[in-house]
Amino acid sequence: MKWDPEEIKLKNFAIIGNFPYNISSQILFHILRYNQYIPECIGMFQEEVAKRITSHKGKKTYGILSVLVQTFYNVKYLFTVKKKVFFPVPNVQSAVISLKRKKETYCNKNMLFECVKVAFNQRRKKLKNSLQLFNHIPNFHKMPFLNKRAEELSVKEFIQLTKEIEI
């Protein structure tokens, strides 16, 4: 998947489509990378991926994709598409979701990506252990949320944590 909005000189464009299920996560990460050019996306995804994107803290499906997409976009699960409407009938259900870009996120995108990735790579550990990469930061051990696990933090709390790490 190689496309660069800066190279093709597009200022804003919407993405609408039926995303190939085997690379849908990579497509979403690419959309996040260039979110300043993409105010809206409506797409059909494998239902499992759609549920992960729209999931909230405390749920088993909540993870890296949930936090990152919801940081930059307002996410809405629109509807499920049953297997039987396709021919040949696939093995998985599909779902259509919409992403509408938020005005501002107020944190460093690269730092947020790193923080969320590190936190969820050891999702059962408390953040004070999984985020040891950042323990050189002054007052690291006084930061809020360190006694929680990644899956217990909301998107807003991840943004706040990222801001604390940035300082």
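Results, tabulated for the structure shown:
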item	result
Residue list for the stretch 49-95, filter: under 20 Å from residue 150 (Cα atoms) and among the charged types (D, E, K, R)	51, 52, 57, 59, 60
Odd one out for residue 136, checked against (1) out of contact with any strand residue (DSSP E or B) (no Cβ under 7 Å at 6 or more places or on another chain); (2) surrounded by 14 or more Cβ atoms within 10 Å (Cβ to Cβ)	(2)
Count of residues meeting criterion [within 17 Å of residue 61 (Cα to Cα) and part of a helix (DSSP H, G or I)] in the stretch 119-135	3
Positions within the stretch 136-167 being part of a helix (DSSP H, G or I) and farther than 23 Å from residue 102 by Cα, in sequence order	140, 141, 142
Members of the stretch 116-167 found to be of a type in the set (Val, Ile, Thr) and under 20 Å from the mean Cα position of the chain (by Cα), listed by number	116, 118, 155, 159, 162, 165
Which listed residue, of 92, 116, is closer than 14 Å to residue 161 by Cβ, touching a residue at least 40 places away in the same chain (Cβ under 8 Å) and β-branched (Val, Ile, Thr)	116
Boolean, residue 90 is at pLDDT below 95 and either assigned to a strand (DSSP E or B) or within 19 Å of residue 17 (Cα to Cα) (or both)	yes
Residue satisfying condition, being among the charged types (D, E, K, R), over 15 Å from residue 99 (Cβ atoms) and in a helix (DSSP H, G or I), within set 48, 7	48
Lone qualifier among 61, 71 - being in a helix (DSSP H, G or I) and buried (at least 16 other Cβ atoms within 10 Å of the Cβ)	71
Failed criterion for residue 33 (all others in (1) of a type in the set (D, E, K, R); (2) out of contact with any Ser or Thr (no Cβ under 7 Å at 6 or more places or on another chain); (3) touching a residue at least 40 places away in the same chain (Cβ under 8 Å) hold)	(3)
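The values are calculated or read from the model by the stated rules, or taken from the named source; none is laboratory data. Keep in mind the model is a prediction, meaning the values are calculated, not measured. Glycine gets a Cβ as well: all are built from the backbone with ideal geometry, and neighbour counts include every protein chain shown.
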